[in-house]
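These notes concern the structure reproduced below.
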Amino acid sequence: MLLLELAVSRGDGSYGKMINKLARTQILVLDDLGLAPMTDSERRDLLEVIEDRHGNASTIITSQLPIENWHEHIGDPTIADAILDRLIHNAHKINLKGGSMRKKHSGLT
């Protein structure tokens with residue numbers, strides 16, 4: 001959703017304003033990274049967001065995709081290196097195990 005909003009903001013001329021707002025947000029949560037292939041503009045937008053926040057604000061990323069597959073998912077090796085370099089070095093990684101909580105709470109388990 002964030003990457004779609006950035007694409008729309010690029011089209012309506014508010015991209016710079018949105019990027020600045022994201023850079024000032026104390027905690028940004030990117031939920032479900034890796035659900036769909038990334039386009040070139042999405043890769044560049046994600047790099048811009050991560051670059052602006054690096055060392056200044058907290059970013060939480062959730063994904064069902066293992067971290068070792070993020071590079072391949074991002075696609076472009078140079079952009080993937082830049083994004084992961086900024087994300088991984090000072091990160092705290094939490095691996096969760098077990099089944100889906102949605103299933104458990106729905107009674108489908």
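Do we have any residue at all in the stretch 32-44 that's over 30 Å from K97 (Cα atoms) and out of contact with any Gly (no Cβ under 9 Å at 6 or more places or on another chain)?
Yes, the stretch 32-44 contains at least one residue that is over 30 Å from K97 (Cα atoms) and out of contact with any Gly (no Cβ under 9 Å at 6 or more places or on another chain).
Taking the criterion of being surrounded by 10 or more Cβ atoms within 10 Å (Cβ to Cβ), part of a helix (DSSP H, G or I) and either under 13 Å from the mean Cα position of the chain (by Cα) or not small (G, A, S) (or both), would at least one residue in the stretch 61-69 satisfy it?
There is at least one residue in the stretch 61-69 that is surrounded by 10 or more Cβ atoms within 10 Å (Cβ to Cβ), part of a helix (DSSP H, G or I) and either under 13 Å from the mean Cα position of the chain (by Cα) or not small (G, A, S) (or both).
Please work out which residue is modelled with the lowest pLDDT, limiting yourself to the stretch 72-98 and to residues that are of a type in the set (D, E, K, R) and outside any helix (DSSP H, G or I).
Of the residues in the stretch 72-98, the ones of a type in the set (D, E, K, R) are 72, 76, 81, 85-86, 93, 97.
Now narrow it down to the ones that are outside any helix (DSSP H, G or I): 76, 93, 97.
Details: D76: 89, K93: 86, K97: 80.
Among those residues, the one meeting the criterion is K97.
Among the listed residues L30, L6, L35, L2, which satisfies the condition of being closer than 24 Å to N95 by Cα, in contact with an Asp or Glu (Cβ under 9 Å, 6 or more places away or on another chain) and hydrophobic (A, V, I, L, M, F, W, C)?
Being closer than 24 Å to N95 by Cα, in contact with an Asp or Glu (Cβ under 9 Å, 6 or more places away or on another chain) and hydrophobic (A, V, I, L, M, F, W, C) holds for just one of L30, L6, L35, L2, which is L2.
Of all residues in the stretch 48-88, how many are in contact with a Lys or Arg (Cβ under 8 Å, 6 or more places away or on another chain) and under 21 Å from I19 (Cα atoms)?
We begin by selecting, within the stretch 48-88, every residue in contact with a Lys or Arg (Cβ under 8 Å, 6 or more places away or on another chain); these are 50-51, 54, 57, 59, 67, 74-76, 79-80, 83.
Now narrow it down to the ones that are under 21 Å from I19 (Cα atoms): 50-51, 54, 57, 59, 74, 79-80, 83.
The qualifying residues number 9.
When residues of the stretch 26-57 are filtered for being modelled with pLDDT of 95 or more, more than 21 Å from T78 (Cα to Cα) and surrounded by 12 or more Cβ atoms within 10 Å (Cβ to Cβ), how many remain?
1
What is the residue count in the stretch 1-50 for residues that are aliphatic (A, V, I, L, M), under 21 Å from H71 (Cα atoms) and not in a strand (DSSP E or B)?
Summing the residues that are aliphatic (A, V, I, L, M), under 21 Å from H71 (Cα atoms) and not in a strand (DSSP E or B) in the stretch 1-50 gives 12.
Kindly establish whether I88 is in contact (Cβ under 8 Å) with a residue 12 or more places away in the chain and surrounded by fewer than 16 Cβ atoms within 10 Å (Cβ to Cβ).
So I88 passes the test.
The values are calculated or read from the model by the stated rules, or taken from the named source; none is laboratory data. Quantities reported herein were computed from a predicted structural model and do not represent experimental measurements. No Cβ is skipped: glycine too gets one built from the backbone with ideal geometry, and neighbour counts run over all protein chains shown.
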